[in-house]
Amino acid sequence: MTPRTAQEDGTDGALRAAQAALAAEHAAVYGYGVLGGRLEGGRRSDARSASDAHRARRDTLARAVRDLGGTPVAALAAYALPFAVRDPASAMRLATVLEDRVAGVYSDLVRAAQGPLRQDAAGALREAAVRAVRWRGTGVAFPGLAEKAAPPDDTAEAGATGAPH
């Protein structure tokens, strides 16, 4: 019997999805570092808790990537923000965008993974969706699915895709 390759047993897709989730967690940790300074009181505490959660997920994903035979993607020194964060309102909007993006990559990981990694990804997707609701003030029908969660083109958040305004 010949050994199975990563492509044959499905771990190649899971590895790619785990790497994407890890990259998104790196970006979320960075983003919360930026937006936290624009918040006060309870919202600053919420941002700190979210940042801690993303750091923990990042560390868990790095281990998962290694377990899948990969080398964890490194964090960048800085990330381009989708818009300027100048006040509490824009900080909360950035937190929502970060959580929506994280939910999206975890949705991909849920589809690609199996077993405990899939369960962890589903839990992370749920956590990101709950945080997004807290920041946004309302939920979306299908968290993690961009085509269902995208705001209408005529809102201020429509430009929050990373593309310059």
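The values are calculated or read from the model by the stated rules, or taken from the named source; none is laboratory data. Given the structure is predicted, the values throughout are model-derived calculations rather than measurements. Note: ideal-geometry Cβ built from the backbone for every residue, glycine included; neighbour counts use all protein chains shown. Note: accessible area is taken over every heavy atom of the protein model, side chains too, but ligands, DNA and RNA are not part of it. Shrake-Rupley method; radii C 1.70, N 1.55, O 1.52, S 1.80 Å.
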Mean shadow area of region 1-136 over all directions, Cα convex hull, nm²: 8.2 nm²
VAL133/ARG86 FRET efficiency (R0 22 Å; Cβ-Cβ; nearest 0.05): 0.40
Rounded percent of accessible protein surface that carbon and sulfur make up, region 16-87, 1.4 Å probe: 49 percent
Peptides ranked, highest mean first, by Cβ atoms within 10 Å: ranges 72-79, 86-93: 86-93, 72-79
Packing rank of 33-43, 51-61, where each peptide gets the mean count of other beta carbons within 10 Å, highest leading: 51-61, 33-43
Solvent-accessible heavy-atom area per residue, rounded to whole Å², over region 27-104 at 1.4 Å: 49 Å²
Sulfur and carbon atoms: percent of accessible area, region 92-143 [1.4 Å]: 55 percent
